[in-house]
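Peer 1: For reference, the structure I am asking about is given below.
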Amino acid sequence: MREITYREAVREALREEMRRDPSVFLLGEDIAEFGGSYKVTQGLLDEFGPERVRNTPISEAAIVGAALGAALVGMRPVAEIMYVDFMAIAMDQIVNQMAKIRYMFGGKAKAPAVIRTQGGTGRSSAAQHAQSLEAWFVHVPGLKVVQPSTPYDAKGLMKASIRDDNPVIFLEHKLLYAEKGLVPEEEYVIPLGKADIKRPGKDVTVVATSRMVLKALNAAKDLEQEGIDVEIIDPRTLTPLDEDTILESVKKTGKLVVVHEAVRRCGIGAEIAATVAEKAFDYLDAPVKRVTALDTPMPFNPKLEAFVTPDEDKIKRAIRELVG
Amino acid sequence: MAVSEIGKDKLLHMYRKMGEIRVFEETAADLFMKGRLPGFLHSSVGQEASSVGACAALRPEDYMTSTHRGHGDIIAKGATLDRMMAELFAKETGYCKGKGGSMHIADLDLGILGATGIVGAGLPYAVGAALGFKMKGTDQVVLSFFGDGGSNTGAFHEALNLAAVWDLPVIFLCHNNQYAETTPQRVHQKIKDVAVRAQAHGIPGVTVDGMDVLAVYETTKAAVERAKKGEGPTLIESKTYRFMGHFVGDPGVGIYRTREEVEEWRKRDPIPNFRKVLIEAGVATEAELNQIDQDVAKEMEEAIRFAEASPEPELEEALQDIFVES
């Protein structure tokens, strides 16, 4: 099987869906000639033209609003918001309009829009360009939230997101774009709401998201030398969350570590820990551990950035504390 | 525009719609003050010409968005009083199955893309709907209502700019009712005419007398034609007045505006004025218009009966319509 990057995987999904369905189109800042600030949409203008690959003004509320309105009248827009941090500017259109329109209107409308964006640390992007804000969107009923960690998942989940009849927040990671992985040439779609066991194991369950899946896999490889067998679950979509796969794993291992790059307070880790406490308490042999960013804005200084961000060592330490 | 060019049917339809709005708003306010409606209400009494003139220039297949003060706009676009009232009563037969309420009434089959309770928030997705129509190659247009208060939001400017650069078939219609909730226009913006903000975005801006239904109709019709021809958006400022307070229960006089000011505007009440125009132009007789008034009153009574007799939604309904189930 061929290897492609995460960036190419997202692009392939966009291209294939645009070829398949003329109602799919792209809009966002600098996405046309420039190909997007992380080059995900590079080359798509040439194939699909400026009607379907639309550069927008720097107007995040209008970008999301335009996607929502177009979706309401039968289009399938995929909007790019350059950084997840900039979603803050569009939050009314996302939270009060897009997420709720179907419900408020008594089920009469549907809004099949995808809002793609990227987040994460690791490039000294500082406090306004490096956040992990997935929990904001998980907290809003009416939004689906997708956070792929591999090229294979990114492609299959993007295709499912575009075909879904609901608004989907699709969260990429800036440091995953160059990561390579096996992606088949043939068509495939990964249904939303299905977790993936990235590494089977028997001693401890690690639920990790986005780039932290890679970190957890590295940590597991090291711990294997120490005789600790780690099971790693990537939920892949946070809404809907595949609780069953997580609970099954915890019932098997009796121990849970949740790893995410977002800050700890009210992060997705809190939700997963609470779900396990509610539904699998009797199976737990030890308290749940969370490995997350510290509760600070992201500092610019590379050493400080690394200090507040979770990594392999912090994951290993947490696992050893549980298993050791 | 001479009344003869519009035609009797359309003129009487406009008269009827204005009457429906007035009666609906007054009835709803009365029911609310008696404690019979949950939540809260924003009345559009006084703005009937602005709502009806604008919507009369739209075809059934055209879309519109409205605001927290949206009953009038929505009735003008074709919503019926029974399902409107049922929604205010939070009943299953309401336009939103009792889950939206006064501020969120929508019916996509009627081209009503919904009211929103967030000031200024309807404009961006109205622009999106216009983008969708343009890309699909239909000649449908979208009209987005908002107020002078909404014209101070970032969403307003982002929406106008985007619609302008993409030449989208959208009409931005500002009910300038002189107040952003309780704050008078002179306090909340330096400009006198909201229409001048069109210049900032390179699109036409027109100010029209919002108490004159025919003036609003004519102005909107021209903007619709422009939009259909692919010439892009227009900003229309319809100068009107909110006869009642910001919300039902706000006396509307005494704290932030004077009784004299309200009385002055009431002299320009758009409904008796339009009635006079129709009679003087020989379009309709007193008797014909009285008959319409009676029909509207009867429709209102039936709407209340319908709403009262309708069931409340089942509790399970709270869990429906969050997502489209595949």
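The values are calculated or read from the model by the stated rules, or taken from the named source; none is laboratory data. All values derive from a computational prediction rather than experimental measurement. Methodologically, a virtual Cβ is constructed for each residue, glycine included, from the backbone with ideal geometry; neighbour enumeration extends over all protein chains shown.
Peer 1: Could you check how many residues of segment A:101-123 are part of a loop (DSSP other than H, G, I, E, B) and crowded, with 21+ Cβ neighbours inside 10 Å? Walk me through how you get there before you give the answer.
Peer 2: Taking segment A:101-123 and keeping what is part of a loop (DSSP other than H, G, I, E, B), we get A:105-113, A:120-123.
From what's left, crowded, with 21+ Cβ neighbours inside 10 Å: A:105-106, A:109, A:111-113, A:120-121.
Within segment A:101-123, residues that are part of a loop (DSSP other than H, G, I, E, B) and crowded, with 21+ Cβ neighbours inside 10 Å number 8.
Peer 1: Could you check how many residues of segment B:93-103 are within 7 Å of another protein chain (Cβ to nearest Cβ) and of a type in the set (Gly, Ala, Ser)? Talk me through it step by step, then tell me what you get.
Peer 2: We begin by selecting, within segment B:93-103, every residue within 7 Å of another protein chain (Cβ to nearest Cβ); these are B:95-97, B:99-100.
So of that shortlist, the ones also of a type in the set (Gly, Ala, Ser) come out as B:100.
So the answer is 1.
Peer 1: Show the residue pairs meeting these rules: Cβ distance below 8 Å; 6+ apart or different chains; first residue within segment B:76-91 and among the aromatic types (Phe, Trp, Tyr); second residue at pLDDT 95 or above.
Peer 2: B:PHE89/B:ARG36; B:PHE89/B:LEU37; B:PHE89/B:GLY98; B:PHE89/B:ALA307; B:PHE89/B:GLU308; B:PHE89/B:SER310
Peer 1: With the condition kept exactly as written, say whether any residue in segment A:80-100 is at the interface with chain B (Cβ under 7 Å from one of its Cβ atoms) and farther than 22 Å from B:ALA318 by Cα. Quick ask: steps written out before the conclusion?
Peer 2: Within segment A:80-100, the subset at the interface with chain B (Cβ under 7 Å from one of its Cβ atoms) is A:92-93, A:96-97.
Within this subset, residues satisfying the condition of being farther than 22 Å from B:ALA318 by Cα are A:92-93.
Scanning segment A:80-100 turns up at least one residue that is at the interface with chain B (Cβ under 7 Å from one of its Cβ atoms) and farther than 22 Å from B:ALA318 by Cα.
Peer 1: Restricting to segment B:104-116, and then to whatever is among the hydrophobic types (A, V, I, L, M, F, W, C) and in a helix (DSSP H, G or I), can you tell me which residue is farthest from the other protein chains (Cβ to nearest Cβ)? Before you say what the answer is, go through the steps one by one.
Peer 2: Within segment B:104-116, the first condition is being among the hydrophobic types (A, V, I, L, M, F, W, C), and the residues that meet it are B:105-106, B:108, B:110, B:112-113, B:115.
Now restrict to residues that are in a helix (DSSP H, G or I): B:108, B:110.
Working: B:LEU108: 6, B:LEU110: 10 Å.
Within segment B:104-116, the match that is farthest from the other protein chains (Cβ to nearest Cβ) is B:LEU110.
Peer 1: Report, by residue number, each residue of segment B:236-265 that is among the hydrophobic types (A, V, I, L, M, F, W, C), within 19 Å of B:GLU48 (Cα to Cα) and either in a loop (DSSP other than H, G, I, E, B) or touching a Cys at 6+ places or on another chain (Cβ under 8 Å) (or both). Give the steps one after another, and end with the answer.
Peer 2: Applying the first criterion (among the hydrophobic types (A, V, I, L, M, F, W, C)) to segment B:236-265 yields B:236, B:243-244, B:247-248, B:253, B:255, B:262, B:265.
Adding the requirement that they be within 19 Å of B:GLU48 (Cα to Cα) leaves B:236, B:243-244, B:247-248, B:262, B:265.
Scanning segment B:236-265 gives B:ILE236, B:PHE243, B:MET244, B:PHE247, B:VAL248.
Peer 1: Suppose the filter is at pLDDT 95 or above and either touching a Gly at 6+ places or on another chain (Cβ under 7 Å) or not assigned by TED's automatic domain parsing to the domain that holds A:TYR152 (or both); does A:ALA67 pass it? Please lay out each step first, then the result.
Peer 2: On the way: at pLDDT 95 or above: yes; either touching a Gly at 6+ places or on another chain (Cβ under 7 Å) or not assigned by TED's automatic domain parsing to the domain that holds A:TYR152 (or both): yes.
In short, yes.
Peer 1: Which condition number does B:VAL141 fail, the rest of (1) of a type outside the set (Ser, Thr, Tyr); (2) at the interface with chain A (Cβ under 9 Å from one of its Cβ atoms); (3) farther than 23 Å from B:GLU302 by Cα being met?
Peer 2: Among (1) of a type outside the set (Ser, Thr, Tyr); (2) at the interface with chain A (Cβ under 9 Å from one of its Cβ atoms); (3) farther than 23 Å from B:GLU302 by Cα, the lone unmet condition for B:VAL141 is (2).
Peer 1: Can you find a residue that is in a helix (DSSP H, G or I), farther than 24 Å from A:ALA286 by Cβ and among the β-branched types (Val, Ile, Thr) anywhere in segment A:185-196?
Peer 2: no
Peer 1: What pairs come up if the first residue lies in segment B:117-129 and is within 7 Å of another protein chain (Cβ to nearest Cβ), the second is modelled with pLDDT of 95 or more and in a loop (DSSP other than H, G, I, E, B), and their beta carbons are under 7 Å apart, counting only those six or more places apart or on different chains?
Peer 2: B:VAL127/B:LEU168; B:ALA129/A:VAL73
Peer 1: Can A:ASP92 be described as surrounded by fewer than 22 Cβ atoms within 10 Å (Cβ to Cβ), part of a helix (DSSP H, G or I), touching a residue at least 12 places away in the same chain (Cβ under 8 Å) and in the same structural domain as A:PHE137 (by TED's automatic domain parsing)? Give the steps one after another, and end with the answer.
Peer 2: Values: surrounded by fewer than 22 Cβ atoms within 10 Å (Cβ to Cβ): yes; part of a helix (DSSP H, G or I): yes; touching a residue at least 12 places away in the same chain (Cβ under 8 Å): yes; in the same structural domain as A:PHE137 (by TED's automatic domain parsing): yes.
Yes.
Peer 1: Is it the case that B:ARG83 is at pLDDT 95 or above, within 14 Å of another protein chain (Cβ to nearest Cβ) and either surrounded by 24 or more Cβ atoms within 10 Å (Cβ to Cβ) or closer than 15 Å to A:GLY106 by Cβ (or both)? Let's see the steps before the verdict.
Peer 2: Working: at pLDDT 95 or above: yes; within 14 Å of another protein chain (Cβ to nearest Cβ): yes; either surrounded by 24 or more Cβ atoms within 10 Å (Cβ to Cβ) or closer than 15 Å to A:GLY106 by Cβ (or both): yes.
Criteria met by B:ARG83.
Peer 1: Still on this structure, I have one more. For B:ASP82, work out the one condition from (1) under 17 Å from B:PHE145 (Cβ atoms); (2) part of a helix (DSSP H, G or I); (3) not aromatic (Phe, Trp, Tyr) it doesn't fulfil.
Peer 2: (1)
Peer 1: Just checking, which of A:LEU133, A:LEU176 is of a type in the set (A, V, I, L, M, F, W, C) and either within 11 Å of chain B (Cβ to nearest Cβ) or crowded, with 24+ Cβ neighbours inside 10 Å (or both)?
Peer 2: Testing whether each residue is of a type in the set (A, V, I, L, M, F, W, C) and either within 11 Å of chain B (Cβ to nearest Cβ) or crowded, with 24+ Cβ neighbours inside 10 Å (or both) leaves just A:LEU176.
Peer 1: Same structure again: What tally of residues in segment B:305-326 results from selecting those that are in a helix (DSSP H, G or I) and polar (S, T, N, Q)? Outline the logic, then answer.
Peer 2: Of all residues in segment B:305-326, those in a helix (DSSP H, G or I) come to B:305-309, B:315-319.
Of the ones still in play, those that are also polar (S, T, N, Q) are none.
Qualifying residue count for the region: 0.
Peer 1: For a quick check of your reading of the model, give me the residue pairs whose first member lies in segment B:306-326 and is over 21 Å from A:VAL168 (Cα atoms) and more than 13 Å from chain A (Cβ to nearest Cβ), whose second is surrounded by 15 or more Cβ atoms within 10 Å (Cβ to Cβ) and of a type in the set (Gly, Ala, Ser), with beta-carbon atoms closer than 6 Å and at least 6 apart or on different chains.
Peer 2: These pairs meet every condition: B:ALA307/B:ALA86; B:SER310/B:ALA86.
Peer 1: Only one residue in A:ALA262, A:ALA274 is of a type in the set (A, V, I, L, M) and more than 17 Å from the chain's Cα centre (by Cα), so which one is that? Talk me through it step by step, then tell me what you get.
Peer 2: Numbers: A:ALA262 fails: more than 17 Å from the chain's Cα centre (by Cα).
Exactly one of A:ALA262, A:ALA274 is of a type in the set (A, V, I, L, M) and more than 17 Å from the chain's Cα centre (by Cα), namely A:ALA274.
Peer 1: What residue, among those in segment A:50-63 that are among the aliphatic types (A, V, I, L, M) and facing chain B (nearest Cβ under 7 Å), is nearest to the chain's Cα centre (by Cα)? Don't jump to the end; show me each part of the working.
Peer 2: Pass one, segment A:50-63, residues among the aliphatic types (A, V, I, L, M): A:53, A:58, A:61-63.
Then keep just the ones that are facing chain B (nearest Cβ under 7 Å); that gives A:61-62.
Working: A:ALA61: 21, A:ALA62: 23 Å.
Out of the qualifying residues, it is A:ALA61.
Peer 1: Give the number of residues within segment B:254-267 that are surrounded by 11 or more Cβ atoms within 10 Å (Cβ to Cβ) and over 22 Å from B:GLU181 (Cβ atoms).
Peer 2: Total meeting the criteria: 0.
Peer 1: Do any residues in segment A:290-306 that are closer than 25 Å to A:ILE272 by Cα have Cβ atoms under 6 Å from those of residues that are surrounded by 12 or more Cβ atoms within 10 Å (Cβ to Cβ) and among the hydroxyl-bearing types (Ser, Thr, Tyr), where the two are at least six apart or on different chains, and which pairs are they?
Peer 2: Matching pairs, first to second residue: A:ALA293/A:THR309; A:MET298/A:THR121.
Peer 1: Then there is this: Which of the residues that make up segment A:21-50 are exposed (fewer than 14 other Cβ atoms within 10 Å of the Cβ) and touching a Lys or Arg at 6+ places or on another chain (Cβ under 9 Å)? Steps first, please.
Peer 2: Initial filter on segment A:21-50 (exposed (fewer than 14 other Cβ atoms within 10 Å of the Cβ)): A:21-22, A:33-34, A:43, A:46-47, A:49-50.
Across segment A:21-50, the qualifying residues are A:ASP21, A:PRO22, A:GLY43, A:GLU47.
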